[in-house]
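Working notes for the structure below.
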Amino acid sequence: MGIDIYNMTWDFGQDVDISQARTAAQQLSRTAMKAKNTVDDLERRFTKLVLINAAMAQLLEEKLGITQQEISDYAAQMLHKRKPLNKCHSCGAALSQTSKQLNKCLYCGAEKLKADDLFGDLRRT
Ligand SMILES: [Zn+2]
């Protein structure tokens, strides 16, 4: 018998590796928890904003007669001012002036190139 230096060194090395792996796992766990909290907070705030916007749209229609379609068209105009609608959302083809006027892609036939439901893509299905 005697001291097995090789095995002691290997065991020590394994202990260090395990300790480092535990520390890394704990750090990742904290990072994931922080990200989850951020997502939860953003989801709560997003839901609140959707409800407030829906309420405002309803009030605008009831009190001032401004329809959801008018709001939607105006929002689409604002979006297009920021980012011109130059490509079809379906096939990616460049949209001609005729496509924009017809509100239909001349290549694939996709319709509704303009936003027509203000809150449609914000609602959960
Ligand atoms: Zn298309």
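The values are calculated or read from the model by the stated rules, or taken from the named source; none is laboratory data. Remember, it's a predicted structure, so these values are computed and weren't measured experimentally. So basically every Cβ, Gly included, is an ideal-geometry build from the backbone, and we count neighbours across all protein chains shown.
Kindly establish whether L64 is over 23 Å from the mean Cα position of the chain (by Cα) and either surrounded by 13 or more Cβ atoms within 10 Å (Cβ to Cβ) or within 16 Å of the ligand (Cβ to nearest atom) (or both).
On the way: over 23 Å from the mean Cα position of the chain (by Cα): yes; either surrounded by 13 or more Cβ atoms within 10 Å (Cβ to Cβ) or within 16 Å of the ligand (Cβ to nearest atom) (or both): no.
Here the answer is no, as L64 does not meet what is asked.
Pull up segment 104-119, narrow it to residues that are in a loop (DSSP other than H, G, I, E, B) and within 12 Å of the ligand (Cβ to nearest atom), then point me to the one that is modelled with the lowest pLDDT. Working first, answer last.
Initial filter on segment 104-119 (in a loop (DSSP other than H, G, I, E, B)): 105-110, 112-119.
Subset that is within 12 Å of the ligand (Cβ to nearest atom): 105-110, 112-113.
Numbers: C105: 89, L106: 89, Y107: 91, C108: 92, G109: 89, A110: 87, K112: 67, L113: 62.
Once the filter is applied, the top-ranked residue is L113.
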